[in-house]
Amino acid sequence: MSNYVRSAAYAASQALAAQGLTVKRSHLSEVVAALLGYRAYAALVVEDANPKLDYHLDDAEIVVLNLPMGAARVLELGLEDGTTPSIVMPACVVALKASADQVGVYEGVADFYDSHAREALAEAIYNSDELAGAVAESNAGYPDEPEMDVECPATADLWAATDEWTIEADGDMTGEYDPEGDRMFNGDTLNCRGWLTYRKAGRAGLVFVEAGGTGGADDSWRDLDREAELAYEQSLEAKQAG
């Protein structure tokens, strides 16, 4: 993986030179390492050489960059003064993506959720046995995968996790109820939750382990029905009293 980082640092140096900015490749290696969650490039090299780890960064199927850490390292190295928009870090991000080959590289957990995890979570829920049971008990059809939360869910610190990391999110499935069917209405919405679990590969790397999901009937419509019935009864009582 140190070769991979050096490759990204070289590509970034070439891109920056084309914009008239000369930056030492050693400094760019430090920025790249920071984007990968390491305080220093030396820490990446040491971890990469540790034979006791099950996975290393070059085993990663997904890489989630730590942009704040990369930006902080740029300032620490004096590559920019923070008063103008950065060009060093974006060059390193582009170089990392280009050097990653078939690995998916995302610019933070929110980007990972928006671009990959949200769809993967919806699929995991839709294919789960638990959801199949909830659908079987319902009198509605559910042709589409659940709609997941738009906002990225809170997670444990991905780059600090040492062994496994999980992302979980909630969603809803709204079914199609047939009023002419032979079953009474018992709800057409399912509350869902899905999760994706990964093993860590380096500080920023992930290797998929498993996915799962659950789903159950949303009974809030029963409360609305009771409220409507109560309001109707109260209106009748008011008319009789008048």
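For segment 194-214, what are the residues that are open to solvent by 30 Å² or more (accessible area, probe 1.4 Å) and at pLDDT 95 or above?
The answer is W195, R199, R203, F208, V209, E210, A211.
Report, by residue number, each residue of segment 87-97 that is over 20 Å from L206 (Cβ atoms) and open to solvent by 50 Å² or more (accessible area, probe 1.4 Å).
Selection gives I87, P90, V94.
Let me spell it out: the conditions are (1) open to solvent by less than 30 Å² (accessible area, probe 1.4 Å); (2) under 14 Å from M173 (Cβ atoms); (3) over 15 Å from the mean Cα position of the chain (by Cα), and A100 meets all of them except one. Which number is the exception?
(2)
Quick grid of which residues meet (1) of a type in the set (G, A, S); (2) at pLDDT 95 or above; (3) farther than 22 Å from A110 by Cβ:
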site	(1), (2), (3)
V5	no, no, yes
Q14	no, yes, yes
H27	no, yes, yes
V31	no, yes, no
G37	yes, yes, no
D59	no, no, yes
P68	no, yes, no
C92	no, yes, no
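Kindly list, by first and then second residue, each pair from a residue in segment 114-143 that is closer than 13 Å to G215 by Cβ and of a type in the set (F, W, Y) to a residue that is open to solvent by less than 30 Å² (accessible area, probe 1.4 Å) and in a loop (DSSP other than H, G, I, E, B), limited to pairs with Cβ atoms under 8 Å and residues at least 6 apart or on different chains.
Within 8 Å, the pairs are Y126/P146; Y142/G175.
What residue, of V135, V94, is β-branched (V, I, T) and under 30 Å from L36 (Cα atoms)?
Checking each option against the conditions leaves just V94.
Given the criterion assigned to a helix (DSSP H, G or I) and out of contact with any Lys or Arg (no Cβ under 6 Å at 6 or more places or on another chain), identify the matching residue among P68, P51, P85.
P68
What are the residue pairs meeting all of these: first residue in segment 167-178, first residue assigned to a strand (DSSP E or B), second residue of a type in the set (V, I, T) and at pLDDT below 90, Cβ atoms under 9 Å, and 6 or more apart or on different chains?
If the second residue must be of a type in the set (V, I, T) and at pLDDT below 90, the pairs left are D172/T189; M173/V135; M173/T189; T174/T189.
Exactly one of (1) under 15 Å from the mean Cα position of the chain (by Cα); (2) more than 26 Å from S7 (Cβ to Cβ) is unmet by G108. Its number?
The single condition G108 does not satisfy is (2).
Output the residue which, of all residues in segment 30-39 that are open to solvent by less than 10 Å² (accessible area, probe 1.4 Å) and not hydrophobic (A, V, I, L, M, F, W, C), is nearest to R199 (Cα to Cα).
Among residues in segment 30-39 that are open to solvent by less than 10 Å² (accessible area, probe 1.4 Å) and not hydrophobic (A, V, I, L, M, F, W, C), the one nearest to R199 (Cα to Cα) is G37.
Taking segment 40-81, which residues are open to solvent by 50 Å² or more (accessible area, probe 1.4 Å) and either touching a strand residue (DSSP E or B) at 6+ places or on another chain (Cβ under 8 Å) or in contact (Cβ under 8 Å) with a residue 12 or more places away in the chain (or both)?
V45, D54, Y55, D58, D59, E61, M69
Can you confirm whether D157 is out of contact with any strand residue (DSSP E or B) (no Cβ under 7 Å at 6 or more places or on another chain), acidic (D, E) and either at pLDDT 90 or above or closer than 24 Å to D111 by Cα (or both)?
Yes: the conditions hold for D157.
Take the residues of segment 133-166 that are aliphatic (A, V, I, L, M) and surrounded by 14 or more Cβ atoms within 10 Å (Cβ to Cβ): which is farthest from the chain's Cα centre (by Cα)?
A140
The values are calculated or read from the model by the stated rules, or taken from the named source; none is laboratory data. Predicted model, so just to flag it, every value in this text is computed and none were measured. We place every Cβ from the backbone using ideal geometry, glycine too, and count neighbours over all the protein chains shown. Keep in mind that these areas ignore ligands, DNA and RNA; they rest on the heavy atoms of the full protein, side chains included. Shrake-Rupley method; radii C 1.70, N 1.55, O 1.52, S 1.80 Å.
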